[in-house]
Amino acid sequence: MTVKDRLKNFIKFKNLNNSVFCREVGVSSAFVSSMRVSIQPDKLESIALKYPELNIDWLLTGRGEMLLPDPSEQEIPSNNSTDLMELLREKDRQIDRILTILEKMQEK
């Protein structure tokens, strides 16, 4: 499945059509249909800001789930600082993966 296919799946999941999606993220109405291999970093940023529930790693690579876990449903760490630090380390790893993907896209 390509990035384009995954983006189409997300749009369908949100019960939108391509025109509405494109308008909401501020891209041309032909953005989805004219996609080739990937998404430019500025467009990706617009999508991520408009749809924070979308797992950008999944969109770009197909790894993981389409949607990020709902923060309100995540288990709140106890007062144990070890649990909190592990949660923060995992969030840092996720951010690092996204930044690496974006850097690779800019190199192309």
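For the range 10-17, 3J(HN,Hα) computed residue by residue from phi via the Karplus equation (6.51, -1.76, 1.60; θ = phi - 60°) reads 5, 4, 5, 4, 7, 6, 10, 10 Hz, glycine and proline entered as x.
Here the Karplus relation 6.51 cos²θ - 1.76 cosθ + 1.60, evaluated at θ = phi - 60°, turns the backbone of the range 42-55 into coupling constants of 5, 5, 4, 4, 4, 5, 5, 5, 6, 10, x, 6, 6, 7 Hz, with x for every Gly and Pro. Across all Cα pairs in the chain, the calculated P(r) in 5 Å bins from zero up to the longest distance comes to 2, 11, 19, 24, 17, 11, 8, 5, 3, 1, 0 percent per bin.
Using only alpha carbon pairs under 8 Å that are at least six residues apart, calculate the relative contact order of the range 3-107 and give it in whole percent.
24
Phi angles across the range 2-9 convert, under the Karplus curve 6.51 cos²θ - 1.76 cosθ + 1.60 with θ = phi - 60°, into 3J(HN,Hα) values of 8, 4, 4, 4, 5, 5, 4, 4 Hz, Gly and Pro given as x. Taking Ser34, Ser19, Ser46 in turn, the Gaussian network model of the chain (Cα-Cα springs below 10 Å) assigns the largest fluctuation to Ser34. For Leu54, the residues 5 or more places off, or on other chains, whose built amide H falls under 5 Å of its own are Leu68.
Any read-out appearing in this document is the output of simple, stated calculations on the displayed coordinates, not a laboratory observation. Nothing here was measured: the structure is a model prediction, and the numbers come from that model.
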